[in-house]
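Visitor: First the structure, then my questions, so here it is.
The values are calculated or read from the model by the stated rules, or taken from the named source; none is laboratory data. Keep in mind it's a predicted model, so treat the numbers as computed, not measured. For neighbour counting, all protein chains shown are included, and Cβ atoms are generated from backbone atoms with ideal geometry for every residue, glycine included. Side chains included, ligands, DNA and RNA excluded: accessible areas come from the protein's heavy atoms. Shrake-Rupley method; radii C 1.70, N 1.55, O 1.52, S 1.80 Å.
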Amino acid sequence: MGYYKRIRELREDHDLTQRQLAAILNITQPQYFRYEQGYRDIPTDLLLALADLYDTSTDYILGRVDVQKPYGKAK
């Protein structure tokens with residue numbers, strides 16, 4: 001699974017619109033749309049911000065692991 005599918009699922013699971021999430025990340029909605037559609041690679045600073053916002057690991061967002069909780073919190 002590409003990370004773009006994960007960031008969409010996480011956004012929808014948290015009942016956020018692309019516009020709301022873009023405002024949280026301090027970027028434009030069209031810019032966020034490009035990340036979510038896989039048209040552009042997400043910058044590291046935004047990847048970290050999403051992991052913090054959703055209380056998950058960057059590995060989960062990137063599809064490297066399927067456990068949503070960050071390391072050390074899986075219980």
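Visitor: Would you check which residues across segment 7-35 are open to solvent by less than 40 Å² (accessible area, probe 1.4 Å), touching a Leu at 6+ places or on another chain (Cβ under 9 Å) and in a helix (DSSP H, G or I) and list them?
Guide: Answer for segment 7-35, where residues must be open to solvent by less than 40 Å² (accessible area, probe 1.4 Å), touching a Leu at 6+ places or on another chain (Cβ under 9 Å) and in a helix (DSSP H, G or I): Ile7, Leu10, Arg11, Leu21, Leu25, Tyr32, Tyr35.
Visitor: List every residue pair whose Cβ atoms sit under 8 Å apart, with the two residues 6 or more apart in sequence or on different chains, where the first one lies in segment 48-67 and is closer than 23 Å to Asn26 by Cα and the second, anywhere, is open to solvent by 70 Å² or more (accessible area, probe 1.4 Å) and among the acidic types (Asp, Glu).
Guide: Tyr60/Asp66
Visitor: Filter segment 37-68 down to the residues that are more than 17 Å from Arg8 (Cβ to Cβ), open to solvent by 50 Å² or more (accessible area, probe 1.4 Å), modelled with pLDDT under 95 and touching a helix residue (DSSP H, G or I) at 6+ places or on another chain (Cβ under 8 Å) and list them by number.
Guide: The answer is Val67, and nothing else.
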